[in-house]
Amino acid sequence: MDKHDSLGDAGKGLGKLTMKDPYSKTKLPSKHIRGYIDLLRPFTLLAPFIVSMSIIVASLVYNNVAVPSDWWVTVGNASLTLALVNAASNILNQATDWKGDSISKPYRPIPRGVIKPDEAQSLAYILYLFALLRAVTVNVWFGFFVFLIMIFTVTYSLPPRMKQYLFLNQIWIAIPRGFLGILAGWSVFGDPLQREPLIIGTIAMLFFIGGMSTKDIVDSEADKTTGIRTLINTFGVNKAALISFPFMFFPFFFIPALITIGFLESYLWPLTLLAFLSCFIFYLMVKGDTESKTLENIHAWSIMYVEYIFFALGFAFLTIFAGILNLPTLL
């Protein structure tokens, strides 16, 4: 029994509650079905679902689109589609990187022998196809961006396997999850080439370039063993944190400047405050943040996703209620 098999023993009677609990504790559903659920990595799906929903509603209000009676169906369909693409990429990554997971994340369903790698890979392809078919029913732009996101996520795990290249691996995640994800959401009711989604998407992308270093701390030795170079296993945690910090901090810090030159609306200045949360993530990294007992990575990784959700929710809230908030300007 490894260290992960002993987690959550206090709640034996409740069955398998977290991914790190042993599969022997599975009650309902079956062990195999629970393995499929764990492959999806549900926690990581909250961000694309909530973020895309926020951006879609914000674009609906910002562009003064005539609200159709079934607008909520469109919002739900598009948000679920982006979450499905993320789920497919999660599964494909586990199917192609199970040897590394056997070292750093032995509790996952493939290293545990609950799901076979080729079985997981087939499921990923099915979800990709299903998501693309759903995407094209929304509109052409949305289908186009979902297809681009799929290209980035597939080539991250499969040849040319961008995951193995230093720094490019972080960019390859940041572009689809940050930039393209924002444009896809905005395209549901608005023009994705408008200045607002382009800037907001760029801020999200830059944040992810830095923030994704947090996920590599737990995987450092496993990545090195499997030939994957990351900032963490190349420079060490402290230097990697210093390299990553500007990407997490300055995109938010520059928001007032973007407002001054007329590139962003003045009511968006409160988003600058998220820079302080980036400082906290940096602090946790250099402090020697430890792995969570329930989630898959260190606490800084979880906070990074929460900050991204706050960014999207904050942008949507400020955009939707700009007319009644009457926020004072900092400039």
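The values are calculated or read from the model by the stated rules, or taken from the named source; none is laboratory data. Just so it is clear, the model here is predicted, and its values are computed rather than measured. Here the Cβ is made from the backbone with ideal geometry for all residues, glycine too, and neighbour counts use every protein chain on show. For the accessible areas, the whole protein counts, side chains as well, though only heavy atoms, and no ligand, DNA or RNA atoms are used. Shrake-Rupley method; radii C 1.70, N 1.55, O 1.52, S 1.80 Å.
Here ASP289 fulfils each of the conditions (1) touching a residue at least 24 places away in the same chain (Cβ under 8 Å); (2) more than 24 Å from ASN169 (Cβ to Cβ); (3) open to solvent by 20 Å² or more (accessible area, probe 1.4 Å); (4) not in a helix (DSSP H, G or I) apart from (2). For ALA257, the criteria (1) free of Cβ contacts under 8 Å to residues at least 24 places away in the same chain; (2) closer than 14 Å to GLU307 by Cβ; (3) among the hydrophobic types (A, V, I, L, M, F, W, C) hold in every case but one, which is (2). Somewhere in the stretch 172-179, is a residue touching a Pro at 6+ places or on another chain (Cβ under 8 Å) and farther than 22 Å from ILE56 by Cβ? For the stretch 172-179, residues touching a Pro at 6+ places or on another chain (Cβ under 8 Å) and farther than 22 Å from ILE56 by Cβ: absent.
Please state which one of PHE252, PHE208 is under 14 Å from PHE282 (Cα atoms) and in contact with a Phe, Trp or Tyr (Cβ under 8 Å, 6 or more places away or on another chain). Spell out the reasoning first.
Working: PHE252 fails: under 14 Å from PHE282 (Cα atoms).
Of the residues listed, the single one that is under 14 Å from PHE282 (Cα atoms) and in contact with a Phe, Trp or Tyr (Cβ under 8 Å, 6 or more places away or on another chain) is PHE208.
Scan (1) open to solvent by 50 Å² or more (accessible area, probe 1.4 Å); (2) without any contact (Cβ under 8 Å) to a residue 12 or more places away in the chain; (3) of a type outside the set (Ser, Thr, Tyr); (4) over 30 Å from PHE245 (Cβ atoms) for the single condition PHE147 breaks and write down its number. Condition not satisfied by PHE147: (2).
Checked against (1) in contact with a helix residue (DSSP H, G or I) (Cβ under 8 Å, 6 or more places away or on another chain); (2) in contact (Cβ under 8 Å) with a residue 60 or more places away in the chain; (3) not β-branched (Val, Ile, Thr), PRO106 passes all but condition (1). State the number of residues belonging to the stretch 20-53 that are among the small types (Gly, Ala, Ser), open to solvent by less than 10 Å² (accessible area, probe 1.4 Å) and more than 19 Å from PRO117 (Cα to Cα). Residues in the stretch 20-53 being among the small types (Gly, Ala, Ser), open to solvent by less than 10 Å² (accessible area, probe 1.4 Å) and more than 19 Å from PRO117 (Cα to Cα): 2 in total.
Within the stretch 57-78, not a single residue is over 30 Å from VAL140 (Cβ atoms), part of a loop (DSSP other than H, G, I, E, B), in contact with a Leu (Cβ under 9 Å, 6 or more places away or on another chain) and among the β-branched types (Val, Ile, Thr). Remark: pairs (first residue in the stretch 61-74, closer than 15 Å to ILE320 by Cα; second residue charged (D, E, K, R); Cβ separation under 8 Å; 6+ apart in sequence or on different chains) = TYR62/GLU196; ASN63/ASP191.
The residues in the stretch 99-116 that are surrounded by 15 or more Cβ atoms within 10 Å (Cβ to Cβ) and over 21 Å from ILE33 (Cβ atoms) can be counted, and the count is 4.
Out of all the residues in the stretch 115-131, which are in contact (Cβ under 8 Å) with a residue 40 or more places away in the chain and within 22 Å of the chain's Cα centre (by Cα)? Give the steps one after another, and end with the answer.
To start, the set of residues in the stretch 115-131 that are in contact (Cβ under 8 Å) with a residue 40 or more places away in the chain comprises 115, 120, 123, 127-128, 130-131.
Correct list: ALA120, LEU123, LEU127, TYR128, PHE130, ALA131.
Kindly establish whether GLU296 is part of a loop (DSSP other than H, G, I, E, B), under 30 Å from ILE56 (Cβ atoms) and of a type in the set (Asp, Glu).
Yes: the conditions hold for GLU296.
Right, ALA275: surrounded by fewer than 19 Cβ atoms within 10 Å (Cβ to Cβ) and under 29 Å from SER79 (Cα atoms) or not? Before the answer, list the steps.
On the way: surrounded by fewer than 19 Cβ atoms within 10 Å (Cβ to Cβ): yes; under 29 Å from SER79 (Cα atoms): yes.
Against the criterion (surrounded by fewer than 19 Cβ atoms within 10 Å (Cβ to Cβ) and under 29 Å from SER79 (Cα atoms)), ALA275 qualifies.
Do we find that GLU307 is in contact (Cβ under 8 Å) with a residue 40 or more places away in the chain, part of a helix (DSSP H, G or I), out of contact with any Asp or Glu (no Cβ under 8 Å at 6 or more places or on another chain) and charged (D, E, K, R) in this structure? Here the answer is yes, as GLU307 does meet what is asked.
Within the stretch 132-144, the set of residues being under 12 Å from ILE56 (Cβ atoms) and either open to solvent by 90 Å² or more (accessible area, probe 1.4 Å) or without any contact (Cβ under 8 Å) to a residue 60 or more places away in the chain (or both) comprises just one member, ASN139. Say whether the condition of being under 21 Å from GLU221 (Cβ atoms) and either at pLDDT below 95 or not in a helix (DSSP H, G or I) (or both) is met by at least one residue in the stretch 147-161. Yes, because at least one residue in the stretch 147-161 is under 21 Å from GLU221 (Cβ atoms) and either at pLDDT below 95 or not in a helix (DSSP H, G or I) (or both).
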